[in-house]
Amino acid sequence: MTRVLTGSDIENILSSKFKNQIEFIGDDYVQVINKDSLDVFNYLKIDQNYDLLSSVTSVDRISHFEVVYHLTSLQKNESMVIKIKCGADRIDPNVKSVVSVWRGAELQEREIYDLMGIMFEGHPNMKRLLLWENFEGHPLRKDFVS
Amino acid sequence: MSTELVTMNIGPIHPSTHGVFRMRVTFDGETIIDAEPIIGYLHRGSEKLAEERTYTQVVTLTDRMDYTASMTNNQAYILSVEKLSGITPSERGVWLRMIASELQRIAAHSVAIGFLINDLGAWHTPLLYLLREREKILELFEMMCGARITNSYLRPGGVFMDAPDEFWPSLNRFLDEMPNRLDDIENLLTDNEIILARTQNVAILDKNDAINASITGPMLRASGVDWDLRHRNPYDYYEKISFRRPLGTVGDNNDRYLVRLHEIRESLKIVEQCLDLIEPGPVQPEEVPFLVRPPKGESYVPIEAPKGELGFYLVSDGGISPFRCHVRAPSLINLTLLRDMVIGYKIADLFVTFGSIDVNMGEVDR
């Protein structure tokens with residue numbers, strides 16, 4: 001059975017090196033600070049063996065946007081959830097792209113940019129994935145009226 | 001000798017692209033030097049539509065994602081809803097949906113193999129053999145729930161109706177016949193010289209590259225990684241079931257074909273074990289309300305769909321419809337490495353490789 005780490009389990013893993021990076025500890029996730037988030041992901045991938053990025057997705061929380069990462073370690077058979085809050089408000093949400101850590105984020109981050117309008121800094125090919133280039137707006141935002 | 005490069009669009013309407021899929025490919029003679037997948041032609045905004053429907057109504061949207069594997073889509077969604085709202089499913093309901101999802105896996109792999117061989121140029125004969133077997137499964141589904149493709153069979157807590165009495169003898173007949181039919185197909189295809197020449201050592205996918213690119217399912221196992229969520233994270237009652245996990249050694253197109261073929265046999269064994277363990281009882285617990293209203297929270301339950309890890313990330317705000325419903329679509333993510341896999345090969349290998357990845361455009365675009 002895959003062990004799903006609780007918020008305090010994740011905190012224990014991160015606290016030795018990234019105590020200041022932790023922004024909030026939830027029941028089953030940890031929210032890390034947007035700045036220098038790649039250091040945390042590199043540490044989780046290389047030192048903690050979280051080699052499979054299960055999924056990247058985003059949620060429109062009305063007051064702000066957040067990006068949600070589901071990580072899995074094939075070797076340890078464990079999974080964890082890391083979240084990043086993209087700024088304090090809805091204006092220009094952006095996070096660092098994790099493509100340099102996990103290639104698997106390539107198409108998923110493009111999809112998030114397309115549908116939710118979150119920019120990923122450092123993505124090799126940041127353009128719309130599903131909708132056409134001249135499309136106005138980002139449909140998964142709560143203020144998008146279809 | 002330098003030659004002029006040619007850029008060509010393949011698709012969006014093309015018999016070998018399994019739906020509306022476009023590739024912008026740059027050739028040097030017949031050799032591929034760049035390939036860019038362009039998708040979105042079948043985008044229906046399922047994730048946005050889900051935000052305006054009740055939790056039960058969303059089941060019908062999941063059918064239309066990977067339309068060759070509706071039952072497993074239903075299962076992934078329902079498992080996530082059950083975790084979010086704390087519903088314990090009834091035992092018979094779980095066994096029925098396990099039977100349904102394993103039959104669906106056989107049907108989906110049959111389609112994958114059939115169209116892969118079709119892409120190789122063996123027009124229609126092997127494909128029709130496999131579609132004939134799939135047809136029997138669709139008839140079984142029709143008995144179970146009245147629908148063949150867009151089943152919407154599962155509900156939070158189990159399934160919406162029990163299988164009728166005449167379903168069980170038909171299922172047993174199918175289980176008796178199918179291994180012989182598989183032998184026929186294997187005799188016809190597995191050692192076929194042309195198929196071996198076209199698939200062996202083509203588009204080799206390295207283990208570590210595959211894991212790094214989040215590739216899952218038969219594609220990952222063909223590269224030799226023993227990662228099957230039915231075994232590593234047994235959802236439903238998979239921990240009571242024993243089955244082998246076929247693994248590839250090279251990670252080429254032939255391995256991806258073989259892994260799927262062997263998985264069909266294992267799925268047959270799983271259905272047989274489910275038949276031994278299923279017992280009479282209600283198919284859905286009575287206390288499950290018609291309008292599911294989960295508490296605030298979020299859930300993600302990955303399952304092993306025919307194409308790979310499929311999971312629904314649901315966020316609830318306490319209302320009657322999901323606040324956010326994200327689909328982790330294996331078809332989309334398995335396409336990440338398409339470009340790297342085909343560069344340096346010939347144009348004819350492009351379709352074989354694309355066929356062996358086995359994507360479904362309904363799931364890629366959603």
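The values are calculated or read from the model by the stated rules, or taken from the named source; none is laboratory data. Just so it is clear, the structure is predicted and the values come from calculations on it, not from any experiment. Virtual Cβ from ideal backbone geometry, glycine too; neighbours counted across all protein chains shown. These area figures cover heavy atoms from the full protein model, side chains too; ligands, DNA and RNA do not enter into them. Shrake-Rupley method; radii C 1.70, N 1.55, O 1.52, S 1.80 Å.
Some notes on this structure:
- Alpha-carbon centroid distance for the pair the stretch B:27-57 / the stretch A:96-120, whole angstrom: 15
- Excluding the site residues themselves, the longest part of chain A lacking any GluC sites (Glu not before Pro) in a DSSP loop with at most 11 other Cβ atoms within 10 Å is A:1-132.
- Entries in A:127/B:207; B:207/B:307; B:207/B:240 that, when Cα-Cα distance is taken, lie over 25 Å: A:127/B:207; B:207/B:240
- Span from the the stretch B:294-366 Cα centroid across to the the stretch B:87-118 one, whole angstrom: 17
- With Cα atoms, 0 to 90° folded angle of helix B:167-189 axis to chain B main axis: 10
- Charge dipole of the protein assembly as shown (Cα centre as origin; +1 on each Lys and Arg Cβ, -1 on each Asp and Glu Cβ, all else neutral): 700 debye, rounded to the nearest 20.
- For the stretch B:24-88, average projected area of the Cα convex hull in nm²: 6.6
- Derived scalar couplings between HN and Hα for the stretch B:266-273 equal 5, 4, 4, 5, 5, 4, 4, 5 Hz in order, rounded to whole Hz, by the Karplus curve 6.51 cos²θ - 1.76 cosθ + 1.60 (θ = phi - 60°), x for Gly and Pro.
- Gyration tensor (Cα) of the stretch B:208-366, equivalent ellipsoid semi-axes in angstrom: 33, 23, 12
- Remark: accessible area buried at the A-B interface is about 3400 Å², both chains counted, probe radius 1.4 Å.
- Chain A: angle of helix A:7-18 to the longest principal axis, Cα-based, in degrees nearest 10: 80
- GluC sites (Glu not before Pro) within the stretch B:258-366, DSSP loop, no more than 11 other Cβ atoms inside 10 Å: B:286, B:287
- Only helical runs count toward this figure. For chain A, summing -39,500 (n - 2.57) over DSSP H runs of n ≥ 4 and dividing by all residues gives -6000 deg cm²/dmol at 222 nm.
- Along the axis of the charge dipole computed for the stretch B:5-365 (Cβ charges of +1 for Lys and Arg, -1 for Asp and Glu, origin at the Cα centre), the listed residues B:187, B:54, B:151 are led at the positive end by B:54.
- Among the residues of A:54-67, the average count of other protein chain beta-carbon atoms within 10 Å of the residue beta-carbon is 4.
- Accessible area of residue B:278 in the full protein assembly, 1.4 Å probe (Å², nearest 10): 30
- Using the Cβ-Cβ distance between residue B:240 and residue A:49 with R0 set to 45 Å, the FRET efficiency from 1/(1 + (r/R0)^6) comes to roughly 0.95.
- Probe 1.4 Å - accessible area at residue B:31, Å² to nearest ten: 40
- For the stretch A:3-91, the Kirkwood estimate of hydrodynamic radius, built from reciprocal distances between every pair of different alpha carbons, is 13.2 Å.
- Globularity index of the stretch B:1-61, i.e. its alpha-carbon radius of gyration over 2.2 N^0.38 Å: 1.75
- Semi-axis lengths, largest first, of the ellipsoid equivalent to the protein assembly as shown are 33, 31, 21 Å, with √(5λ) applied to each eigenvalue of the Cα gyration tensor.
- Placing +1 on the Cβ of every Lys and Arg and -1 on the Cβ of every Asp and Glu, with no other charges, gives the stretch B:88-157 a dipole of roughly 160 debye about its Cα centre.
- The stretch B:290-366, Cα convex hull volume normalised per residue, Å³: 105
- Helix A:105-116 and the long axis of chain A differ in direction by around 50°, with both axes built from C-alpha atoms.
- To the nearest 10, the accessible area of residue B:228 is 0 Å² with a 1.4 Å probe.
- Rg(Cα)/(2.2 N^0.38 Å) for the stretch B:5-365, N = residue count: 0.98
- Of the residues A:33, B:27, A:101, the one whose Cα sits farthest toward the positive end of the charge dipole of the protein assembly as shown, with +1 on the Cβ of Lys and Arg and -1 on the Cβ of Asp and Glu, is A:33.
- Of the chymotrypsin sites (Phe, Trp or Tyr not before Pro) found in the stretch B:86-160, those that fall in a DSSP loop while having at most 14 other beta-carbon atoms within 10 Å are B:123.
- For the set A:33, B:117, solvent exposure ranked by accessible area (probe 1.4 Å, protein chains only) runs largest to smallest as A:33, B:117.
- Relative compactness, the stretch A:22-72, computed as alpha-carbon Rg over 2.2 N^0.38 Å: 1.19
- Per residue Cα convex hull volume in Å³ - calculated over the stretch B:189-300: 165
- Rounded to the nearest 20 debye, the dipole magnitude of the stretch B:224-324 is 260 debye, with +1 charges on Lys and Arg beta carbons, -1 on Asp and Glu beta carbons, and the Cα centre as origin.
- HN-Hα J in Hz across the stretch B:39-44 - Karplus 6.51, -1.76, 1.60, θ = phi - 60°, x for Gly and Pro: 10, x, 6, 10, 6, 10
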